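Read the structure below first, then the notes.
Where a number appears in this text, it was derived from the coordinates with a stated rule and is not lab data. If you're wondering where the values come from, they're calculated on a predicted model, not measured in any experiment. All Cβ positions, glycine included, derive from the backbone under ideal geometry; neighbour counts span all protein chains shown.
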Amino acid sequence: MMLVVSCTVFLIGLMGVIFRKNLLIVLMSVELMLNAVNLSFVTFSKMHNSLDGQIAVLFVMTVAAAESAVGLGLVIALFRTLKTADSDQIQMLRD
Amino acid sequence: MENSQQLTAMLIWPVLGSLIAWFVPKASQRPYALFISAVQAALALYIVAPVIQGGSTLQQNLPWISDLGIQLNLKLDVVSAWFVLLSGVVSFVVLGMKGQWFRRNARLYTSMAFFLVFAINTAFLSSNLIVFYLAYEAVFIPMILMVGIWGSSTKATAVFRFFLMSFLGSILMLVSIFYLSYFHFTKTGAFSANLDDILKLDLVGNPAMPWCFAGFFLAFAIKVPLFPFHGWLKEVYVNAPTPATIWMSAILSKLGVYGFIRFVGPLFPETILAVQGALLAVAAFTVIYSAFLAIQAKDPKALLAYSSISHLGFVMLGVFTLGKAGRTSAIVLSVSHGLTSAILFYLYHLVTERKEDVSLDSYSGLSKKYPVLFVCLFFAVLSSVSLPGTFNFVGEFMVLMSAYPVSALCTILAGIGVIFGAVYMLRFYQRLGFGPTADGETAGDIAGFDLVVVILILAMVIYFGFQPAIFFGGMNNV
Amino acid sequence: MNLFLILLFPLIGFTINGFIHLKSAKSGAKASAKQTGVIATLAMFASFFVSAFYYLQFSGMAESSRLIEQSLFTWMNLGSFNVDFALRLDSLSLLFTLVITGVGSLIHLYSIGYMSEDESPARYFAYLNLFCFMMLNLVLGATMPHVFLGWEGVGLASYLLIGYWHQDVEKVGAGQKAFVMNRIGDLGFLIAMFITYKYVGSLDLMVLQKATLNPAIAATIGFLIFFACTGKSAQIPLFTWLPDAMAGPTPVSALIHAATMVTSGIYLLNRISPLLLQSPEVMSVIAMVGVTTAFVSAIIGCAQKDIKKILAYSTVSQLGFMFLACGVGAFDAGVFHVMTHAFFKALMFLGAGSVIHALHHEQNVFKMGGLRKKLPITTFTFVMGWAAILGLPPFSGFFSKDEIIIQSLHSPHGNQILFIMALASALLTAFYMTRLLVLVFFSPSRMEKETEEHVHESPLTMTIPLIVLAILSLVGGFMHHSEGGHQDSINIIIASVVVALVGAAFGFFRYRKFDKEEITNAFVEQGLGFDVFYNKFFGNGVPALAKGVSKWVEELFVQNTIRFCSWMVQFSGNVLKSFQVGSMQAYLLMMVVLGLVLLIWVLQSMMQGVFFYGK
């Protein structure tokens, strides 16, 4: 049951990352995916009666915090230079 | 077989030369380059001399990525000895050439030149196929830089085609090499790309061999080049700065010849025998075909480029006889062609330096203004048309002689190329040297270092024309 | 005494004069013709004396033991293939050596006067010495490659000397034509060497002489060498270079294109005569080619206006006679004619040179005339040469030419056709030589006033060689013992002398009072279409073919292949580039889709149990 939920949340996050235009929402979707993974970790830890999964969750949360901080910083920097947070407008990976 | 530490010296010295060049002031780059290359040539002579005289073999094995069978297996025998010596001498001659390459980005030029020498020596000395391949490819780096930086205006296409054709060929060779190494693995349980190890395997009847042969053949046929793989050559030769042209025609083309003699012949005796008739025909056709191209060439440098292909056709004719006599003659002709074409391009460069206009029709009667230069050029032309008494004659005569019993028709076909050789080389000389002399200032005849080097090479060309015994002597001993 | 000395002196002369030339060319100062000429002439005389020494030595020896060999060094040596750089002197090569050094010395001497006003005499004499050096290599070489060295070397010297005045593009072109046509013949020589080595196992000429070969192979070798000889000795089909070669200075024409180089074909045929005798077919081909050349070029000679061209065609014709002699097996007669021809033809060329020198490079015989009084010595010696080439007794040509005509009928290889054509050629020869003689020296003057006033007899250095050669033309015939003892030989001799006199009389009366320019048939004058044909076929054909090759094969096929390769690379690059849209989310989508595809594929494989080996 919990796995189905985690899968659904993960897919929602993935769709958000791929299809939403606003970079902030994209970042939030990434968080959503991470949390979906965390959820499945916890579920598995419960099923197998081991603490490994919960330790991994702690790691993921730490990294997620750091990542969102860096991600936010980048988005702000981008917004400052390009005056937009719309991902369709940002095509600097080309050329 | 002796284990010798000397061989690494042949590789370390140019690397040092290449590195230190960055710390030498720009103004003294040329003396520096001359010094390094003179030592290199002397070193080559010192190491090679006993091999040539005694027919012995020097060997040195250094581990590298041994698990994958990649080692520095250096080996110097009579075959590679001549090529190493030739590259030593030619590099010395080339680096003495004055020109814009010592004025613009001089450090890069010297450094690249010695890197090139290093790569060439590695290719000639390595009997490990993968190391050979690496060196074979590494040659491109300095070559492309030289054409790209100091070449003439339309160099971009030239560089691109040069890279493309060569890369296309050698990448297939790499696949073949991997296969051979893997084949060694399946038979013995260890990877090895050492030629000697692979030759110990029983390769006869292996159905993959024709494909491996094709990979090697393509790589070397493009490098030499043989018809119809010569398409890249003209643009590159014409657009390259003269030192690069000399390196290409005198030495890099010999990498292809050497590859055929050293690798293709021993590795695929069965396949090569099966297609020998076709190979001989291709070689003979190359002679005639490029002679035709030379006849109609407008640009003297293109003419010399085509004549170079024509002579290499003779060399390949000798190689494809698959006999010892043919192979030896092919090596002799390789050396003589290296010297002759180097000196022809050198002298032509000296002419253009004095009159910067590049069409055969725009020159006239220069022999009157520059008598000594044109006497030297005439001797070089004579060697190129392989007049008896010059080194080229010995080579071409012996090649045709040993090719005749194998294929009379191809020999006669190639022989016709000798006639055409007279037509286009005389035309080349006559257009430059003869005809009405225009009035005007002269830029001064050939002198100094140029004169010394040119006379030195010409003396060799004529001396070996009468005394080629030293070439045959060592090989008779093998 | 060392055989190499014969070669050494011209080589030294070449080197010294070469350096003198370079020095003077660099400094811009003109080298003295006298000084350089003396060096070159002395070198030739020294060489002549060495040869004369050997002549004396030989005359004291039995005929069978007249052979001196000297190996200098090993030239090419690979496995069983071994060629020494060796000299060999026997009666045949000694005769040629004497002619080369003897006539050569005289012509060197003559050149001092002739080239006195030239710009770079040092270069001229250096080339001349180089020529003699190479020619001596040709006749003294013991092996085929050594002969080939001389063979190509004289071609080179000839090229340089024909195009000696290299500011004139046409003269250079004539030189190139000579070199290339010779090279066509040389290919025959090369292939003959390859066949010889394959079947005889040695390139030594002596071994080849003694070899007994399969007749077909003997015929092939013989024919190929004969082909080489047609190039060097200007026979059909490769004769058209010789008239053009007259672009060179006149002494050069006398030495190279009359007395020595062009006779090297006869030398070579003599060398391999045992081989030729094994194949009658080749012999008859040689005879036919020889006599046809003699006849055809005699016809062309009748229509020439340039004094040197007349002599050039006459040379071709006389060479045809020598080939005829070889073809009918009368090798000795051929060589004998080489010698007498060297004397009288060199004499006539030098005489012509004297005329040209006097008239300031006027060469048209119809602009001369009446020179008898102004140039007495030249006229007198020229008449001697004329008598010799006509074969009037007791001049040298009488002995050699008549022997050839006799042999063309009576030798086992001879027949009536050869005999009649030879007689007809003799008739024509008598006609056009008389035409030349009368037009230049005896008919009324057709010169311009201004030229006429400046006409003067040549200096002593030029007249001495003329006189010596005239004497040789007179007595040269007695140097050889004819064995002709056939019963009707005497009839043939009478017939040929009568034929010569008829031709001469016809020429004399036709041109005695000539005072205008003769209108000759242009087709005949231009060499019966041979030259035109070659020019069309090879002169234009080869460059056209080269252009065609470059346009259709190189551009269309080779270059387009490369263009296609590079286009392919660029095209695939462009195709792949279109995936690079730049939007991060698009990349992500691609990644996810491809990941899913991969996942499905892996899962499917797992179910079929092929992904892991274990299952």
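Annotations
- Of the residues C:Phe478, B:Tyr463, C:Ala142, the one whose Cα sits farthest towards the positive end of the charge dipole of the protein assembly as shown is B:Tyr463 (charges of +1 on Lys and Arg Cβ, -1 on Asp and Glu Cβ, taken about the Cα centre).
- Rounded to the nearest 20, the size of the Cβ-charge dipole of the protein assembly as shown about its Cα centre is 1560 debye, with Lys and Arg at +1 and Asp and Glu at -1.
- Using only the C-alpha atoms, the convex hull of the stretch C:353-448 corresponds to 102 Å³ per residue.
- Legend: residue pairs C:Lys23/C:Lys305; C:Lys345/C:Lys373; B:Lys200/B:Lys234; C:Lys177/C:Lys551, Cα-Cα distance threshold 30 Å; pairs beyond threshold, C:Lys23/C:Lys305; B:Lys200/B:Lys234.
- Charge tally around B:Leu255: other residues with Cβ under 15 Å, Lys/Arg +1 each, Asp/Glu -1 each, net +2.
- Descending semi-axes in whole angstrom, ellipsoid equivalent of the stretch C:269-426, from the Cα gyration tensor: 32, 15, 13
- Rg in Å to one decimal, and Dmax rounded to a whole Å, for the stretch C:452-575 via C-alpha atoms: 32.3, 97
- Other residues within the sphere of radius under 11 Å centred on the Cβ of C:Met246, judged by their own Cβ, net out at +1 (K and R +1, D and E -1).
- Kirkwood analysis of the Cα pair distances in the stretch C:338-390 returns a hydrodynamic radius of 11.4 Å.
- Using only the C-alpha atoms, the convex hull of the stretch B:119-241 corresponds to 96 Å³ per residue.
- A Stokes-Einstein calculation at 4 °C with viscosity 1.567 mPa s, built on the Kirkwood radius of chain B over Cα pairs, returns a diffusion coefficient of 58 µm²/s.
- Under the Karplus curve 6.51 cos²θ - 1.76 cosθ + 1.60, θ = phi - 60°, whole-Hz ³J(HN,Hα) for the stretch C:13-29, x wherever Gly or Pro sits: x, 4, 5, 4, 5, x, 5, 4, 4, 4, 5, 6, 5, 6, 7, x, 7
- Around B:Tyr404: net Lys/Arg minus Asp/Glu count, Cβ-Cβ under 14 Å: 0
- Net length gained if the chain between B:Arg107 and B:Leu451 were fully extended (0.36 nm per residue, minus Cα distance): 121.3 nm
- Highest mean packing comes first when the peptides B:367-377, A:64-74, B:14-24 are listed by Cβ atoms within 10 Å, giving B:367-377, B:14-24, A:64-74.
- Taking every residue in C:571-583 and counting other chain Cβ atoms within 10 Å of its Cβ, the average works out to 2.
- The translational diffusion coefficient of the stretch C:189-252, from Stokes-Einstein at 4 °C and 1.567 mPa s with a Kirkwood hydrodynamic radius over alpha carbon pairs, comes to 97 µm²/s.
- Looking at chain C, the pairs of alpha carbons with a distance over 43 Å make up 29% of the total.
- Quotient of the Cα radius of gyration of the protein assembly as shown and 2.2 N^0.38 Å, N being its number of residues: 1.19.
- Gyration tensor verdict on the stretch C:76-120 (Cα atoms; rounded if a/c is under 1.5, prolate if a/b is larger than b/c, oblate otherwise): oblate
- Residues C:Phe579 and B:Leu273, FRET efficiency given R0 of 45 Å [Cβ-Cβ distance, rounded to 0.05]: 0.40
- When both the stretch B:326-358 and the stretch A:58-88 are represented by their alpha-carbon centers, they are found 64 Å apart.
- Dimensions (Å) - the stretch B:279-369, Cα atoms, principal axes, largest first: 48, 23, 17
- Considering all different alpha carbon pairs of the stretch B:216-260, the Kirkwood hydrodynamic radius works out to 10.5 Å.
- Once both labels are positioned 7 Å from their Cα atoms along Cα-to-Cβ, the gap between C:Val602 and C:Lys34 label points is 10.4 nm.
- Our Cα-only numbers for the stretch C:546-615 put the radius of gyration and Dmax at 23.1, 68 Å.
- Quotient of Cα Rg and 2.2 N^0.38 Å for the stretch B:209-363, N being how many residues it contains: 1.07
- The stretch B:298-350 - Debye-derived log10 I(q)/I(0), Cα point model, q = 0.14, 0.26, 0.30 Å⁻¹: -0.40, -0.92, -1.07
- Shielding by partners for peptide C:71-82, expressed as the average number of C-beta atoms from other protein chains within 10 Å of each residue's C-beta, is 6.
- 10 Å Cβ neighbours from other chains, averaged over peptide C:550-556: 4
- Centre-to-centre separation between the Cα atoms of the stretch B:86-117 and those of the stretch C:62-106: 48 Å.
- Modelled spin labels at C:Thr15 and C:Gln209, positioned 7 Å past Cα toward Cβ, are 3.2 nm from each other.
- Our summary of shape: the Cα atoms of the stretch B:1-125 have principal axis extents of 45, 36, 17 Å, ordered from largest down, in whole angstrom.
- Euclidean distance between Cα centres, the stretch C:208-237 to the stretch C:257-277, Å: 11
- Among B:86-97, C:446-457, B:41-52, the order from most to least packed when residues are scored by Cβ within 10 Å on average: B:86-97, B:41-52, C:446-457
- Stokes-Einstein D in µm²/s, Kirkwood radius over Cα pairs - chain A at 25 °C with 0.890 mPa s viscosity: 168
- Helix B:408-433 vs. chain B, principal-axis angle (Cα, 0 to 90°, nearest 10): 30
- Across the stretch C:1-103, Cα-Cα pairs farther apart than 17 Å form 62% of the total.
- Mean silhouette area of the stretch B:422-464, derived from the convex hull of its C-alpha atoms and averaged over all directions, reads 4.5 nm².
- Site pair C:Ile417 and B:Lys98 shows an inter-label distance of 6.9 nm when each label is modelled 7 Å from Cα along Cα→Cβ.
- Order by protection proxy (mean Cβ within 10 Å, highest first), peptides B:112-118, C:59-65, C:273-279: B:112-118, C:273-279, C:59-65
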